[in-house]
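Written below as C-alpha cells is the structure these notes are about.
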Amino acid sequence: MTGIERRKAILQELKNNYSVKVTELSKLLFIGEATIRRDLEKLERAGHLKRVYGGAVRIDAVDRETPADVRQADNSESKRNLCMIAASLIQDGNMLALDSSTTVQFLGEFLPRFNNIVVLTHGQKLIEQLQYTPVNLYCTGGFLQKTSLSYNGTFTQHFFHAFHSDIAFISCRGISMQDGLSWSYEEDANIRKVMLENTTKRVLLCDHTKFGKVSYCKLFGFEMINYLVTDQKPSQEWIDFLQSKQITLLYPDSLAE
C-alpha cells in the first residue's frame, strides 16, 4: 500500500468514526505505528485532522465530537490532582451528584475511602468504575450519547429532579469571565443545570486549559457555583474575579495559604 493509499484509508476511517487510534490503524493497515504517526502528522499539516493523544480526530469533531476515552487522556494528571483536592470537600454519608465529564471521572478514584456515601450519576464510565466498590451507586439510565458515554434526555432529567444531593460535582468545556460556563451539547448542559438546582453545595472542577475558553452551549453564569477547583493557581485577575462572585477557589497549596 502506497503512502497516498494509506492516508486515504485513514481519512475514510475518520469519516466513519470521527476518531482513529494509532494502534488500531496499525493493525487495520498492517503498517508499523511509527509510519501511522508520520501519516497523521502529514494529514494534520494538510488540515484534514487534529492529532490527539494516541491517535487523531476529525477537524469537525474537535471539542464537539471527540470521544470520551480520547478526552480522558488529555491532561490526565492535572485532572487527577484537582480531583484529589475536590475530595477534601466530601464527608462520610454524603450524597453526591456527579456529571459524566472525563474530569469528574477521576474523582471516582477517591470515593471508596469514604463510608456510606451515595453517588448519583449519568456517566457510564463512572458506573463501570464504581460498580465493584463499597460506594452506593444510583444510575440515571436514559438515552446513551456514545461520544460522551453519558445518559441524557427527559428521563435523565427527571431522575436528578427526584433527589437532593449534598454536593454536585460538574465540569465544563470552557469558562469565561464574560460568558460564564459553557459546554458542547445543549442536552448535557440541561442535565448539569438540574443537578445544580437540586444540591446544597455546587463544585466546578476545571483544569487550567479551560480558562478563557468558550464552547458551543452556555451552561450558566457564576452565580450557580460555590467552589471552583483547579490544578494550578490562576492569574490574579481570575482570583479577584472569583472572589467578587463569592466563589471559593481551591488549587494545589491553596489550603496552606
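The values are calculated or read from the model by the stated rules, or taken from the named source; none is laboratory data. Because the structure is a prediction, the values reported are computed rather than measured. Note that each Cβ is placed from the backbone with ideal geometry, even for glycine, and that neighbours are counted across all protein chains shown.
Out of all the residues in the range 40-73, which are in contact with a Leu (Cβ under 8 Å, 6 or more places away or on another chain), at pLDDT 80 or above and of a type outside the set (Lys, Arg)? Once the filter is applied, which keeps residues that are in contact with a Leu (Cβ under 8 Å, 6 or more places away or on another chain), at pLDDT 80 or above and of a type outside the set (Lys, Arg), the range 40-73 yields Leu40, Leu43, His48, Leu49, Gly55, Ala56. Scan the range 140-149 for residues that are without any contact (Cβ under 8 Å) to a residue 60 or more places away in the chain and either surrounded by 18 or more Cβ atoms within 10 Å (Cβ to Cβ) or of a type in the set (A, V, I, L, M) (or both) and the total you get is 4.
As a summary of the residue check, Val22 satisfies the conditions (1) touching a strand residue (DSSP E or B) at 6+ places or on another chain (Cβ under 6 Å); (2) at pLDDT below 90 except for the one numbered (2).
Within the range 149-189, take every residue that is more than 12 Å from the chain's Cα centre (by Cα) and either among the aliphatic types (A, V, I, L, M) or not assigned by TED's automatic domain parsing to the domain that holds Phe220 (or both) and give me the one that is modelled with the lowest pLDDT. The residue in question is Ala189. Here Phe114 clears all of (1) at pLDDT 95 or above; (2) crowded, with 20+ Cβ neighbours inside 10 Å; (3) not polar (S, T, N, Q) except the condition numbered (2). When Lys201, Lys218 are checked against the criterion of being part of a strand (DSSP E or B), free of Cβ contacts under 8 Å to residues at least 60 places away in the same chain and surrounded by fewer than 22 Cβ atoms within 10 Å (Cβ to Cβ), a single residue qualifies: Lys218. Note on the range 102-123: residues that are among the polar types (S, T, N, Q), outside any strand (DSSP E or B) and touching a strand residue (DSSP E or B) at 6+ places or on another chain (Cβ under 7 Å) amount to 2. Restrict the check to the range 233-255 and report whether at least one residue is among the acidic types (Asp, Glu) and surrounded by 14 or more Cβ atoms within 10 Å (Cβ to Cβ). No; the residues of the range 233-255 include none that is among the acidic types (Asp, Glu) and surrounded by 14 or more Cβ atoms within 10 Å (Cβ to Cβ).
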